[in-house]
Structures are given as C-alpha cells and as structure tokens.
Amino acid sequence: MTSKNVPGRRIFLAGGAGVLGRRIIPLLVAAGHTVVATTRHEARTGPLRDLGATPARVDVLDAAAVAAAVHDSGADVVMHQLTDLAGGDLAANAALRRDGTRNLVDAALAAGVRRIVAQSICWTYVPGEGPARE
C-alpha cells in the first residue's frame, strides 16, 4: 500500500469499524501508515485500538462532528469505507452513502486533505431466487 518513495501517511479511515475497515487497518499499519478509524459505537473503540488504529467516535451524518474529527486527525488522506448494511435498512445505507459522503468530502476539503480514496458499490443484478448468472 506504500511505495519505496512514499513515506507513511496519516490516514483518516471513515468506516474503520466495519467489515472492510477492520481488514484494512492492519494492512495500513503494517505498511507504515498511521490510522485514525471511525466508529459510531463506544464498544468498538477498543477493537480499533487492538488493530493499531486511533479510534474517532463520530456519526458521519453530523457534518460538524465529521469536520472536527478529520481536522483533529491531521490526516493527509481520507479513506471512505462507509456503509450501513448490517441492519438491512437500504434507506439508512443510502442516506449514509449520500449524506455521510458529502460530509466526509466537505470535511476533507476544509482540512486541506488532498487525497480521498473511496469504495464504490453497485447493485447490478435484478433480484431473483438464486445466484445471478453472468
């Protein structure tokens, strides 16, 4: 995740306590990066520390809180791994992806962060009874 000519980065990982975030943190830390990882839940701050990240408890739907967290992190890269799929509420996930992403981008710009890495999702198959065939 880092090349010979790129020193370790300070990365703000939005969605750090999620399924992907928990797998990304050890890779980033092993590559020499400093990671500040978000969670909405106090109970998830300990596991984030155990993975090598500094936890930032923040609700990304709160624009002011996101701006403060990104600013305080001193990040030079923001990594977007936000989803809200655990509860199966597609409307909540859509709001998080739409509004949370906007808040995250605005916070990064306000803090002078010049790099944002974002995951993308796309539901391309029509719902059906079995696995989709290519």
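With a simple spin-label model that places each label point 7 Å from the Cα along the Cα-to-Cβ direction, the separation between ALA31 and LEU85 comes to 2.1 nm.
Just round it to a whole percent: the fraction of Cα-Cα distances in region 1-101 exceeding 25 Å.
On the way: 834 of 5050 pairs.
It works out to 17 percent of all Cα pairs.
With contacts defined as alpha carbon pairs under 8 Å and 6 or more residues apart, what's the relative contact order of region 32-101 in percent?
Values: 63 pairs, mean separation 17.0, N = 70.
Once normalised by length, the contact order is 24 percent.
Along the charge dipole of region 1-107, Cβ charges K/R +1 and D/E -1, which of LEU85, VAL36, LEU61 sits furthest on the positive end? Selected residue: VAL36.
Converting phi to 3J(HN,Hα) with the Karplus coefficients 6.51, -1.76 and 1.60 and the offset θ = phi - 60°, region 17-30 yields 8, x, 4, 6, x, 5, 8, 6, 3, x, 5, 5, 4, 4 Hz in sequence order, with x at every glycine or proline.
Nothing charged except the Cβ atoms of Lys and Arg (+1) and of Asp and Glu (-1): what's the magnitude of the dipole of the chain about its Cα centre? Round to the nearest 20 debye.
On the way: 15 positive and 12 negative charges, 103 e Å.
The dipole magnitude comes to about 500 debye.
Readers should treat all values here as calculations from the given coordinates under stated rules, not as data from a laboratory. Keep in mind it's a predicted model, so treat the numbers as computed, not measured. Neighbour counts run over all protein chains shown; Cβ positions are idealised from the backbone, glycine included.
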